[in-house]
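The values are calculated or read from the model by the stated rules, or taken from the named source; none is laboratory data. The shown structure was predicted, so the numbers you read here are calculated from the model rather than taken from an experiment. Cβ placement follows ideal geometry from the backbone for every residue including glycine, while neighbour counts extend to all protein chains displayed.
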Amino acid sequence: MMLSRASKYAILSTLFLAEHSSVEKKISVKVIAESIDVPSPFLAKLFQQLVRGKIISSTKGPNGGFYLNESNGKRNVLDIIENIDGLTKLNDCFLGLNECDSENPCPVHFIVEPFKENILGKFRDKTIMEFAQEISEKGRVLTLKDITPKVKK
């Protein structure tokens, strides 16, 4: 069970919006792209898809940008994945076999299945806002930038 790069970027940027934006404070794709170190044109495309899927909101114009409204914040991470990748990727066989389910299991099917269900459950049970709250409370990192301190010799 792997997430596409697009899904990872969409989750990161949506959580970034959840933490830093509001109806009053909209953020541009450029700012988000720089903050989490994601290519801006790629993120812009993802955002169009997320807006269409009603996972994030946007306003055009001089004070425009992207933000989460109350109903966006009630969506969950699984909604983001479904919007970007669809759910088939999540249900693919861990070993990449075409035919793999409880009837025709691959060698690791019964090892992987409970973990997959557990992860999907967590992605389904928590709203985007709940995730964002946890991020700010626990000081989690929301960037792909290399944050390891550079050691001087």
| Which members of region 1-56 meet the condition of being in contact with a helix residue (DSSP H, G or I) (Cβ under 6 Å, 6 or more places away or on another chain) and among the small types (Gly, Ala, Ser)? | SER4, ALA6, SER7, ALA10, SER13, ALA18, ALA33, SER40, ALA44, GLY53
| request: Confirm whether ILE111 is modelled with pLDDT of 90 or more and touching a helix residue (DSSP H, G or I) at 6+ places or on another chain (Cβ under 9 Å). | output: no
| said: I need the full set of residues from region 2-52 which are free of Cβ contacts under 8 Å to residues at least 12 places away in the same chain and outside any helix (DSSP H, G or I), in order please. | reply: GLU24, PRO39
| remark: Just one listed residue, out of ILE55, ILE111, ILE84, is surrounded by 14 or more Cβ atoms within 10 Å (Cβ to Cβ), among the β-branched types (Val, Ile, Thr) and either in a helix (DSSP H, G or I) or more than 17 Å from the chain's Cα centre (by Cα) (or both), and it is ILE84
| Does region 89-97 include one or more residues that are assigned to a loop (DSSP other than H, G, I, E, B), over 14 Å from the mean Cα position of the chain (by Cα), crowded, with 20+ Cβ neighbours inside 10 Å and free of Cβ contacts under 8 Å to residues at least 60 places away in the same chain? | no
| field | Every residue from region 114-153 that is part of a loop (DSSP other than H, G, I, E, B), basic (Lys, Arg) and either surrounded by fewer than 13 Cβ atoms within 10 Å (Cβ to Cβ) or at pLDDT below 75 (or both) | value | ARG140, LYS145, LYS150, LYS152, LYS153
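With the requirement that a residue be out of contact with any Ser or Thr (no Cβ under 8 Å at 6 or more places or on another chain) and closer than 30 Å to ILE27 by Cβ, what does region 78-105 give you? Before the answer, list the steps.
Let us first name the residues in region 78-105 that are out of contact with any Ser or Thr (no Cβ under 8 Å at 6 or more places or on another chain), namely 78-79, 82-83, 86-88, 90-105.
Answer for region 78-105, where residues must be out of contact with any Ser or Thr (no Cβ under 8 Å at 6 or more places or on another chain) and closer than 30 Å to ILE27 by Cβ: LEU78, ASP79, GLU82, ASN83, GLY86, LEU87, LEU90.
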| field | Filtered residue count, region 15-69, keeping only those that are closer than 23 Å to LYS138 by Cβ and in contact with a Gly (Cβ under 7 Å, 6 or more places away or on another chain) | value | 2
